[in-house]
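Visitor: Can you read through this structure? Questions will come right after.
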Amino acid sequence: MKKLFFVLAVFALAGSLTFAETEISFYNKVYMEDAFWGHDDAADENIKKFSPVKNKFDFQLASEKFDAEVKGIIYFADWGGETYGFTGELKDAWVEFRPIEQIGIAFRENIVAWPSSLPIYDDDLKTGNIGSDGFTALFRPSPLNGALTVAATIPFGWDLTTESINYVNGENELGEKNKFNFGLGAAYTHDYFEVSVRAANIINNDKRELGATIGFPNLFGAVENLNIGFGYEYNKAGDGYDDFINYLTVQAGVYGENLLDAVVTYETDKFAVSAEAVTNFSEDTNWSNFTHDLYAALEFDLHATEKLTLAFTGKIATDFTNDDKAGEYDGTEFTLSGETLKNAYMAGIGASFDITEHHSVGAGFEVGLQNKNYGFAVPVSWTYTY
């Protein structure tokens, strides 16, 4: 929270100093989206749950010398036993200062190439992220007019705990030598393609991460608004993403040391289409034994009128090996049950209506299915942009 107040204070200072040169944008969405009713086949019981009311905000400031952003979510939810309350989650808060045009000094966790952004999942993957939660130095050579960005990062936390310290020497509690973590990355943008590469925790083999993306905006300039992108992620820890599909007892994600992703978007005046996929092509270890090997999603948006848009969405998560996958994790050990991991599915329909240039409302119906488990959600929203 101190980080949030710090960034907000810098926002105000930068705005007061730059005046007309400052561009400010604001996004705010009040919504309910989580499943509120479902069925647990193993327990043979129906589940009812209060769908939290959420307020997502995103405040951005841009100027010649200074950029900053704060985004997060405020929750009003049932925290157990019909005990309701408010809390908040700071999703991102960063600042970047450019003392000269070619040099950027940033405290910025996410500097993401667009092939890493999944439009249906509505979040970013790590494949094309050249930033870190700590300090990032950026270099943009002037001969390339900002097309190339080179980043060097030193990650650390902001809560003054031992877990947040990036040690440069000494030993840990096990007597092992501390390994200084740093990262390098680069992103290049061309009219016909965009590429990025990243390496994080380079010295620490147990936590090393590598990533690369390539994207083709407007399909090499041949088809307007047709964008195709691919990404690759290697992470030694075998991490991943656990909420591609999430409807109470229906949950699906993809974990693994080697992950591939793909995204395709196309839009015309009449409709828009988005498709995305993430797959694990590593041997299953630890968490990947409990998650699927492939997630894929497709969304079709029909611009019925100038103000009304209808959306149709489908998702699937499946497993390639389909043997001895499901199991339990007790906090210490992984135990396989010998059962197969069933496919998970999601289908949804929604509508959004632009009341004015800045205000829109939306509603829909979604269902998640996995074997004999299912969950239902009725998302509703009000969005304000400035």
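Visitor: Taking the condition part of a strand (DSSP E or B), surrounded by 16 or more Cβ atoms within 10 Å (Cβ to Cβ) and in contact with a Phe, Trp or Tyr (Cβ under 7 Å, 6 or more places away or on another chain), does Phe59 pass?
Guide: Here the answer is yes, as Phe59 does meet what is asked.
Visitor: Kindly provide the set of residues from region 26-54 that are of a type outside the set (Lys, Arg) and not in a strand (DSSP E or B), ordered by number.
Guide: Once the filter is applied, which keeps residues that are of a type outside the set (Lys, Arg) and not in a strand (DSSP E or B), region 26-54 yields Glu33, Asp34, Ala35, Phe36, Asp41, Ala42, Ala43, Asp44, Phe50, Ser51, Pro52.
Visitor: Another question, then. So which residues in region 101-145 are within 15 Å of the chain's Cα centre (by Cα) and acidic (Asp, Glu)?
Guide: Glu109, Asp122, Asp123, Asp124, Asp133, listed by residue number.
Visitor: Next up: Evaluate region 64-86: report whether one residue or more is assigned to a loop (DSSP other than H, G, I, E, B), touching a residue at least 40 places away in the same chain (Cβ under 8 Å) and over 28 Å from Gly229 (Cα atoms).
Guide: Within region 64-86, one or more residues are assigned to a loop (DSSP other than H, G, I, E, B), touching a residue at least 40 places away in the same chain (Cβ under 8 Å) and over 28 Å from Gly229 (Cα atoms).
Visitor: Taking Asp261 as the residue in question, decide whether it is without any contact (Cβ under 8 Å) to a residue 12 or more places away in the chain, of a type outside the set (Phe, Trp, Tyr) and in contact with a strand residue (DSSP E or B) (Cβ under 7 Å, 6 or more places away or on another chain).
Guide: It is false that Asp261 is without any contact (Cβ under 8 Å) to a residue 12 or more places away in the chain, of a type outside the set (Phe, Trp, Tyr) and in contact with a strand residue (DSSP E or B) (Cβ under 7 Å, 6 or more places away or on another chain).
Visitor: Filter region 222-254 down to residues that are assigned to a strand (DSSP E or B) and more than 16 Å from Leu118 (Cβ to Cβ) and give me whichever is most open to solvent (accessible area, probe 1.4 Å).
Guide: Gln251
Visitor: Would it be correct to say that Phe57 is over 30 Å from Tyr188 (Cβ atoms), at pLDDT 90 or above, touching a Ser or Thr at 6+ places or on another chain (Cβ under 9 Å) and not hydroxyl-bearing (Ser, Thr, Tyr)?
Guide: So Phe57 does not fit the description; no.
Visitor: Here's something else I'd like to know. Just to be sure, is Ile214 open to solvent by less than 50 Å² (accessible area, probe 1.4 Å), within 29 Å of Asp67 (Cα to Cα), under 20 Å from the mean Cα position of the chain (by Cα) and among the hydrophobic types (A, V, I, L, M, F, W, C)?
Guide: So Ile214 does not fit the description; no.
The values are calculated or read from the model by the stated rules, or taken from the named source; none is laboratory data. Being a predicted model, the structure only gives us computed values, none of them experimental. Note that we place each Cβ from the backbone using ideal geometry, even for glycine, and neighbour counts take in every protein chain shown. Surface areas here come from the heavy atoms of the whole protein model, side chains and all, with no ligands, DNA or RNA. Shrake-Rupley method; radii C 1.70, N 1.55, O 1.52, S 1.80 Å.
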